[in-house]
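Written out below as structure tokens is the structure these notes cover.
The values are calculated or read from the model by the stated rules, or taken from the named source; none is laboratory data. This structure is a prediction, so every number in the text was calculated from the model and none was measured. Please note: Cβ atoms are built from the backbone with ideal geometry, for glycine as well, and neighbour counts cover all protein chains shown. Areas reflect the complete protein model, heavy atoms only, side chains present, ligands, DNA and RNA absent. Shrake-Rupley method; radii C 1.70, N 1.55, O 1.52, S 1.80 Å.
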Amino acid sequence: MDQDQARAALTDVEVVPCMQVSLPDAKELLAACLEAEIPALLDRAPRCHDGGCGCPPKLELLARPEDLPRLAALLEHRWQGMLAREGTATSFLDGAAADAEPPCPACGTAAPLQDGACTGCGLQLG
């Protein structure tokens, strides 16, 4: 699906904002949606303040409400792919108990924090 086909599919139908993202992320996410045959559009997101806050402009990804489950599955698949490429959380996600400690994003240690810091590398997490 290309952008013209997405616009045509979304003409005169209800669309809802699904998420706010930066410009580079928005373009990548829109391309992923179109590749997965999920019609979606980008629009300017409302500003978080009246200006002067220093936040960069954001865009909203718009889609039909009935496409939200497919979009959620696409995002989950992309998230799992990123975790697999990084290699830091795969063992935690592949079979750790639900109440297990999540791994440290820096070193992968899965242990309770000590004074808010990882016991493996000292990264302050809490």
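Roughly how many Å² is the accessible area per residue of the chain, as a whole number, for a 1.4 Å probe?
Normalised by residue count, the accessible surface of the chain is 66 Å².
Could you tell me what % of all Cα pairs in the stretch 3-66 have separations over 13 Å?
Numbers: 1245 of 2016 pairs.
Here the long-distance tail beyond 13 Å is 62 percent of all Cα pairs in the stretch 3-66.
If amide H atoms are built 1.01 Å from N in the plane of the peptide, which residues on other chains or at least 5 residues away come under 5 Å of the amide H of Met19?
Leu61
Ignoring ligands, DNA and RNA, what percent of the 1.4 Å accessible area of the chain is carbon and sulfur? Write down the numbers at each step before the final one.
Working: 4430 of 8380 Å².
The computed percentage sits at 53.
Compute the signed sum of charges (Lys and Arg +1, Asp and Glu -1) over the other residues within less than 10 Å, Cβ to Cβ, of Glu37.
-1
Mind checking the alpha-carbon convex hull of the chain and giving the volume per residue in Å³?
159
At 1.4 Å probe size, put Leu75, Leu59 in order of accessible surface, largest to smallest.
Output order, biggest surface exposure first: Leu75, Leu59.
Starting at the first residue of the stretch 109-120, write each ³J(HN,Hα) from the Karplus equation 6.51 cos²θ - 1.76 cosθ + 1.60 with θ = phi - 60°, in whole Hz, x for Gly and Pro.
Each residue's phi maps through the Karplus curve to give 4, 10, 8, x, 5, 10, 6, x, 10, 5, 7, x Hz.
Quick one: 3J(HN,Hα) in Hz for the stretch 36-43, Karplus 6.51/-1.76/1.60 with θ = phi - 60°, rounded, Gly and Pro as x.
Listing the rounded values in order: 8, 6, 9, x, 8, 9, 10, 8 Hz.
What does the helix-only formula give at 222 nm for the chain: each DSSP H stretch with n ≥ 4 adding -39500 (n - 2.57), the total divided by the residues, and the result rounded to the nearest 500 deg cm²/dmol?
It comes out at -10500 deg cm²/dmol, rounded to the nearest 500.
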